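Scroll down for the structure; my scribbles are underneath it.
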Amino acid sequence: EDVRDLRIGGYPEDAITEHLLSLGFDVEVTGTDISNLRKLQGKRIDLWPSGLIVGSVLSAKEGISVKPVFSIKKVAVSLACNKSVSDITVMTLQTILDEMKEDGSIDAIKAQYNDQLKSQPKENANQS
């Protein structure tokens, strides 16, 4: 609610954009997520809603420094497999994921991305 007066960027068929629109937020929808990043840099929008990892990767590729300022919503992310992928392969992937959760690998990967985000210069502090 604190951001209703700010200009928020989004792009078509994006889950975050759709979520914000469903909540009644005014979202400036543009062609691509990278366009929103560039609009943020050019101060044509105030907030760029993005996932932490996607936002980090896109901003690094574009050489644009951003900083997460708040979390909109936490969601589980899933992996979909083609129907031709064998049950054995699916079970193997699930087993590996479960092991990674158990041994702390998932937390270590998340921490690595969080460390990368924290180490970015704080020029544009407008990413969500």
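The values are calculated or read from the model by the stated rules, or taken from the named source; none is laboratory data. What you see is a predicted model; the values in this text were computed from it and never measured. Neighbour counts run over all protein chains shown; Cβ positions are idealised from the backbone, glycine included. Note: areas computed on protein heavy atoms with side chains; ligands, DNA, RNA excluded. Shrake-Rupley method; radii C 1.70, N 1.55, O 1.52, S 1.80 Å.
If the chain between Asp5 and Ser78 were fully stretched, how many nm would it gain, using 0.36 nm times the residue separation less the Cα-Cα distance?
23.0 nm
Pop out the Kirkwood hydrodynamic radius of the chain from its pairwise C-alpha distances, inverse of mean 1/r, in Å to one decimal.
Details: mean 1/r = 0.0607 Å⁻¹.
So the Kirkwood estimate lands at 16.5 Å.
Number of Lys-Lys pairs in segment 27-106 under 21 Å by Cα, sequence gap 8 or more or different chains? Can you show the working numbers first?
Working: Lys39/Lys61; Lys39/Lys67; Lys43/Lys61; Lys43/Lys67; Lys74/Lys101.
Lysine pair count for segment 27-106: 5.
Tell me, what is the per residue accessible area of segment 19-66 in Å², probe radius 1.4 Å?
Values: 2390 Å² over 48 residues.
Here the per-residue accessible area is 50 Å².
How much length is gained on full extension from Val57 to Gln94, taking 0.36 nm per residue of separation minus their Cα-Cα distance? Please list the in-between numbers first.
On the way: separation 37, 0.36 × 37 = 13.32 nm, distance 2.56 nm.
Gain on extension, Val57 to Gln94, equals 10.8 nm.
So what is the relative contact order for the chain, in percent, with contacts set as C-alpha pairs under 8 Å and at least six apart?
Working: 131 pairs, mean separation 37.8, N = 128.
That works out to 30 percent.
Arg44 versus Lys101, label points 7 Å from Cα toward the beta carbon: distance in nm?
Going by the 7 Å Cα→Cβ label model, 4.2 nm.
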